[in-house]
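The values are calculated or read from the model by the stated rules, or taken from the named source; none is laboratory data. The model shown is predicted, which means the values in this text are computed figures rather than measured ones. A quick note on method: Cβ atoms are made from the backbone with ideal geometry, for glycine too, and the neighbour counts reach across all protein chains shown. For the accessible areas, the whole protein counts, side chains as well, though only heavy atoms, and no ligand, DNA or RNA atoms are used. Shrake-Rupley method; radii C 1.70, N 1.55, O 1.52, S 1.80 Å.
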Amino acid sequence: MKRGLLIILSGPSGVGKGTVRKIFFEKEELNLAFSISMTTRKPRNGEIDGKDYYFVSQERFKEAIENDEMLEYAEFVGNYYGTLMAEVDRLRDLGKNVLLEIEVQGARQVIDKVPDSLSIFLVPPSMEELKRRIEGRQTESQDVIQERLDKARKEMELMNHYRYVICNENPQLAADSVALIIKRNIETTL
């Protein structure tokens, strides 16, 4: 059985990673699987350990870091989030093409550890449009929105570390582009 690809979908907060992913993820010919991440945060209502996340203690997560079990990880608002290398390898060994929808910090770690990963960076059509999308969520203060925009500017400077860059002006077209990239990469590794 052919080992699956490792696919990174990344980009700044508010660019539409989740929206684009939902459109292309169900295409059966892409044979995609999601890797379940590990976190130290408490489960939210309805979340199930081993399905939504692997919920672990701070001690267990730090042990995983020390033992080099993490493909990537980051700390955010006092909690750790990351991807276990064993989970990704298990799915890839089953022939699945594993998709990681991750932030730029984690993507850089994966690109360094797995140079043959298929890395795709989504960019907004403009910073004005990105601001409009983030404000449209109506979940954050103006200070937090400004922080996200400042971070997005810095992250977009790193797009040259990715193999592909796609502008998400239209989510359907962006998803079609991502699907085509994945399909072509599957075909070239046969």
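Of all the listed residues (LEU173, LEU118, LEU180, LEU122), the sole one being of a type outside the set (Asp, Glu), open to solvent by less than 90 Å² (accessible area, probe 1.4 Å) and more than 24 Å from LYS2 (Cα to Cα) is LEU122.
Of all the numbered requirements in (1) open to solvent by 50 Å² or more (accessible area, probe 1.4 Å); (2) more than 21 Å from GLN109 (Cβ to Cβ), HIS161 misses one, and that requirement is (2).
Restricting attention to segment 41-69, the residues that are within 24 Å of LEU6 (Cα to Cα), in contact (Cβ under 8 Å) with a residue 24 or more places away in the chain and not aromatic (Phe, Trp, Tyr) total 1. Does any residue of segment 34-57 turn out to be of a type in the set (Lys, Arg), more than 17 Å from VAL88 (Cβ to Cβ) and not in a loop (DSSP other than H, G, I, E, B)? There is no residue in segment 34-57 that is of a type in the set (Lys, Arg), more than 17 Å from VAL88 (Cβ to Cβ) and not in a loop (DSSP other than H, G, I, E, B).
Filter segment 131-180 down to the residues that are assigned to a loop (DSSP other than H, G, I, E, B) and modelled with pLDDT under 90 and list them by number. Steps first, answer last, please.
Let us first name the residues in segment 131-180 that are assigned to a loop (DSSP other than H, G, I, E, B), namely 137-141, 157-158, 162-163, 168-170.
Answer for segment 131-180, where residues must be assigned to a loop (DSSP other than H, G, I, E, B) and modelled with pLDDT under 90: ARG137, GLN138, THR139, GLU140, SER141.
Scoring ARG132 on the criteria (1) crowded, with 17+ Cβ neighbours inside 10 Å; (2) under 25 Å from GLY14 (Cα atoms); (3) not polar (S, T, N, Q) leaves a single failure, condition (1).
Do you know which residues across segment 107-130 are outside any helix (DSSP H, G or I) and free of Cβ contacts under 8 Å to residues at least 12 places away in the same chain? PRO115, SER126, listed by residue number.
Can you give me the number of residues within segment 62-106 that are acidic (Asp, Glu), assigned to a strand (DSSP E or B) and more than 26 Å from ASN160 (Cα to Cα)? If you could, list the steps in order and put the result at the bottom.
First pass over segment 62-106, keeping only residues acidic (Asp, Glu): 63, 66, 68-69, 72, 75, 87, 89, 93, 101, 103.
Remaining after also requiring assigned to a strand (DSSP E or B): 72, 75, 101.
When the remaining residues are screened for being more than 26 Å from ASN160 (Cα to Cα), the result is none.
Of the residues in segment 62-106, 0 are acidic (Asp, Glu), assigned to a strand (DSSP E or B) and more than 26 Å from ASN160 (Cα to Cα).
Anything in segment 26-53 that is closer than 30 Å to LYS183 by Cα and open to solvent by 40 Å² or more (accessible area, probe 1.4 Å)? List them, or say none. Walk me through how you get there before you give the answer.
At the first step, the residues of segment 26-53 found to be closer than 30 Å to LYS183 by Cα are 26-38, 50-53.
The answer is GLU26, LYS27, GLU28, GLU29, ASN31, PHE34, LYS51, ASP52, TYR53.
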